[in-house]
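The values are calculated or read from the model by the stated rules, or taken from the named source; none is laboratory data. What you see is a predicted model, and the numbers here were worked out from it, not measured in a lab. Cβ coordinates were reconstructed from backbone atoms using ideal geometry, including for glycine residues, and neighbour counts include every protein chain displayed. Ligands, DNA and RNA are stripped out before the accessible areas are found, and what is left, the full protein with its side chains, is counted by its heavy atoms. Shrake-Rupley method; radii C 1.70, N 1.55, O 1.52, S 1.80 Å.
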Amino acid sequence: METSPKKKSRHIFIKLLALLIIIFFILSVISFPLKIVTYEIFTDKVTEPVRIAQVSDLHSEYYGRDMKTLLEAIDGQSPDVIVLTGDIFDDVRDNENTRIFLKAAAAKYPCFYVSGNHEQRKGGWLKFREEAADLGVTVLEGQDISFKGITICGASSSGDGRLTFDGSVEKCAQEAGDGFNVLLAHYPEKTDFYRSFGKFDLVLSGHAHGGQWRVPYLINGVFAPEQGIFPKYAGGMYEFEDSRMIVSRGLSRTSIIPRIFNNPELVIIDILPESEEIN
C-alpha cells in the first residue's frame, strides 16, 4: 500500500524537526558563545565602587575581526581596570590575536598582567612580558599597584630565575597593607598557600578551563590541570572564612576536547562599599 503524499510530507517534516532539535542540542552542549559572569563583593575596606574585568586563558583565541567581540563585551561593562590572569599568550599558537587585543585594551584601560603556565614554557615569558609591556600593559611579578582604594598584586615567576612563583606570592604578602588586597595568581589549586599568609581578600585565578566538561547543578567540572578528575576549583566564586577566590573558566574555545556546558567567559567583579549592600 502506497503512502500518500501528505503522509510522506509529514514524515519528512518530522525527520527534519528531529534533526534540528538534535543540532540545537549539540550546539547548546558544546558551549562556544562568550558569556559574561558578574560577581559582587561587599567590604568595609573600600569607600567607592571598583569594577574589574578579568580576562584569563585567552590562548590567542579569535574573537571576531580585530577581536571586536571580546573588546565590545568589555566596553559594554565599563570596567575601571582589566586584569589578565595568565595564558593570554600561547606557547604553540600564533599570537597575533593576543597582540591585537592587548594593544586595543591597553589603549582604553589600565591593564595588569601575570603569566600562566603556557607563557612560562620554553622560556617564553621573557619574550611575552616584553611584548605586553611594549603594548602598554603593566606586567606584575610580585609588585603591587594601588588603584581606586584597592591594592592589586601579581604573582608571577620572572622566568629568568630571579623570582619563583611562590616567591612572588610571598613578596605580595609582604607588601600587602590593611586595605582591600587583590592577588592575581594563575593557579587555583594553590589556594591554601595563598590563604596561609592571611593577607589577600580576593584571589583571581584561571588555569582550570572550567573543568572542560560540566553537568549543570551536578558536576562543576570533570578535569583540570594539577587538580585531576572532578577538580575542587574549576570555576566560580569560592568563599572562605577570611577571603574569596574567583576562578575564571577562561576564554579559549579551541581544544582537542570540546567544552561541554562550559561557555568561555568574561568575568566582571564589582568591589562595593559595605554600605551599599541591600539587606
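Computed quantities for the displayed model
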read-out	value
Test: residue in the stretch 25-34 that is surrounded by 13 or more Cβ atoms within 10 Å (Cβ to Cβ), at pLDDT 95 or above and closer than 23 Å to ARG259 by Cα	yes
Pair list, Cβ < 6 Å and 6+ apart or interchain, from the stretch 158-181 residues that are modelled with pLDDT of 95 or more to residues that are outside any loop (DSSP other than H, G, I, E, B) and among the polar types (S, T, N, Q)	GLY179/THR151; PHE180/THR43; ASN181/THR151
Selected residue (only one of ALA53, ALA73 is in a helix (DSSP H, G or I) and either modelled with pLDDT under 95 or among the small types (Gly, Ala, Ser) (or both))	ALA73
Subset of the stretch 225-259 (residues that are under 17 Å from the mean Cα position of the chain (by Cα), part of a strand (DSSP E or B) and more than 23 Å from VAL83 (Cα to Cα))	none
Hits in the stretch 196-224 (condition: in a strand (DSSP E or B) and hydroxyl-bearing (Ser, Thr, Tyr))	SER205
Qualifying residue in the stretch 128-150 (condition: among the basic types (Lys, Arg), in contact (Cβ under 8 Å) with a residue 40 or more places away in the chain and either part of a helix (DSSP H, G or I) or open to solvent by 50 Å² or more (accessible area, probe 1.4 Å) (or both))	yes
Leading residue by the ranking (nearest to ILE150 (Cα to Cα)) among those in the stretch 67-115 that are hydrophobic (A, V, I, L, M, F, W, C) and open to solvent by 10 Å² or more (accessible area, probe 1.4 Å)	PHE112
Top-ranked residue in the stretch 262-279 [being modelled with pLDDT of 90 or more and not aliphatic (A, V, I, L, M); ranked as most open to solvent (accessible area, probe 1.4 Å)]	GLU274
Test: residue in the stretch 170-191 that is open to solvent by less than 10 Å² (accessible area, probe 1.4 Å), in a loop (DSSP other than H, G, I, E, B), closer than 26 Å to LYS35 by Cβ and not acidic (Asp, Glu)	yes
